[in-house]
1. Could you order the peptides 75-82, 30-37, 109-116, 13-20 from most to least packed, using the average number of other C-beta atoms within 10 Å per residue?
2. Using 0.36 nm per residue, how much length does the chain from M88 to I20 gain when fully extended, once their Cα-Cα distance is taken away?
3. What net charge is computed for the residues neighbouring G99, neighbours being all others with C-beta under 14 Å from the C-beta of G99, Lys and Arg scored +1, Asp and Glu -1?
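Throughout, read-outs are computed from the coordinates displayed, never taken from laboratory work. Keep in mind it's a predicted model, so treat the numbers as computed, not measured. Glycine also receives a Cβ, built like all others from the backbone with ideal geometry; neighbour counts cover every protein chain displayed.
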Amino acid sequence: MDQKELRQMEDETSPLIKTIKGATAGLVAGTIWGTIVATWHDVPRVERSIALPGLVRTLKMMGNYGMTFAAVGGVYIGVEQLAQKYRMKRDFVNGAVGGFVAGASVLGYKGRSISSAISAGAALAVTSAVIDAGGQTTRIDNGKEYYPYTIKKRPTVD
């Protein structure tokens, strides 16, 4: 498949479906990252009122990171799709706008300051613009297809 066919296939899905997919991917990635971060912290001391304090803290961190990543992913894709619809262009500016809004709104809210909102938005906008301006993809398609099995039959031994 060439670039044009891939874009046509991508355009067939609605912006709402893309936003839901972005939020879901963010939720999964954030939950995994929350699990990893939880393993780096010391286990809290055992108290009578809390059963399994390490598990409770791990689940809270998983939920916190998962929801943050889901919000960033959903806002990013949603704003990118809105910018694409209203600008009627498909270029790196849409991703930069989506990145800025996602960083400024979600991460700025968590940071509770205007300076953290602007810096988080700018960081995500620059990252998105650099990736998008470099060829609209993070993977290189070399035209080869790899199958997990062979389609040739093995010779039978009698």
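1. Working: 75-82: 21.6, 30-37: 16.9, 109-116: 11.6, 13-20: 13.5.
Per-residue Cβ counts within 10 Å, averaged per peptide and sorted highest first, yield 75-82, 30-37, 13-20, 109-116.
2. Difference between extended and current length: 22.3 nm.
3. Details: positive: none; negative: E80, D91, D132.
Taking every Cβ under 14 Å from that of G99, the sum is -3.
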